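Some notes on the structure that comes next.
The values are calculated or read from the model by the stated rules, or taken from the named source; none is laboratory data. Fair warning: this is a prediction, and the values are worked out from it, not measured in the lab. Neighbour counts run over all protein chains shown; Cβ positions are idealised from the backbone, glycine included.
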Amino acid sequence: MSNTTNELFRNDSYLKTCDAKVIQIDERGVQLDQTVCYPHGGGQLGDQGKLTFADGTALDIIDTQKDRATGELIHVLAPEHLSQLTEGDAATIELDWERRYKLMRFHTCLHLVCAMIDAPVNGGSIQLDRARLDFDLKEPLDKEQLTEKLNALIEKNASISMRWITDAELDAHPELVRTMSVKPPRNAEGTIRLVEIDGIDLQACGGTHVSTTKEIGPMLVRKIENKGKQNRRITVVSAD
Ligand SMILES: [Zn+2]
């Protein structure tokens, strides 16, 4: 049987800490009853942080992963630390917020890139120092023009909001899924999260976002590569 973790980051990506209880420990890592840690997925790196127990023991969370087969959310610790844990232990999770915030800014920036280019998305990835999206597109793109347009969208300071729709509503509007390779997560209640950047973008997405576009900060389209005859890869970096 798989365990369910209450994923607090889904409703509030700004949560930096929470209490948690150990529900399972195995060779993959530790599962907790709730968490602020986003698991690697949708091209975004998994979170890192610290797990502190009542006796003061503090263990590093070196990665957060989702078991694709079971849906279980795994906090990855150094193997030698796992033996220090017992099911039922109470702890506090502290997110490496500086790292996550960088990922949130890039992730939200990719929504803007998505909104600027009218083509299906083949895939993407978000690192700490850059993010990229691959578009199913033959036509060449202009780096300077895209940079200018992207920063104009960021400067608009548009607000970002979320709402939940049912599987049936999403199936009736397949255009809300922009990526061909990554399907948005569906939860047990059969609902999916829509992320709206006011007046700019609306799509189903399970990632973590900032609350206004200005938080993204100035960005630069660093390169546009041709990866295959129908694949344009766009890489953005922070300009500040
Ligand atoms: Zn997103």
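Residues in region 51-62 include at least one that is under 30 Å from LEU194 (Cα atoms), outside the structural domain of LYS156 (by TED's automatic domain parsing) and either within 16 Å of the ligand (Cβ to nearest atom) or over 16 Å from the mean Cα position of the chain (by Cα) (or both).
Give me the residue from region 69-112 that is in a loop (DSSP other than H, G, I, E, B) and in contact (Cβ under 8 Å) with a residue 60 or more places away in the chain and, out of that set, farthest from the ligand (Cβ to nearest atom). The residue in question is THR86. Within region 126-173, how many residues turn out to be among the aliphatic types (A, V, I, L, M), at pLDDT below 95, within 22 Å of THR208 (Cα to Cα) and in a helix (DSSP H, G or I)? Count: 1. Yes or no: GLN203 modelled with pLDDT of 85 or more, of a type outside the set (D, E, K, R) and surrounded by 17 or more Cβ atoms within 10 Å (Cβ to Cβ)? Taking the combined requirement at face value, the residue satisfies it.
Tell me, yes or no, whether region 216-226 has at least one residue that is acidic (Asp, Glu), closer than 18 Å to TYR101 by Cβ, more than 14 Å from the ligand (Cβ to nearest atom) and surrounded by fewer than 17 Cβ atoms within 10 Å (Cβ to Cβ). No; the residues of region 216-226 include none that is acidic (Asp, Glu), closer than 18 Å to TYR101 by Cβ, more than 14 Å from the ligand (Cβ to nearest atom) and surrounded by fewer than 17 Cβ atoms within 10 Å (Cβ to Cβ).
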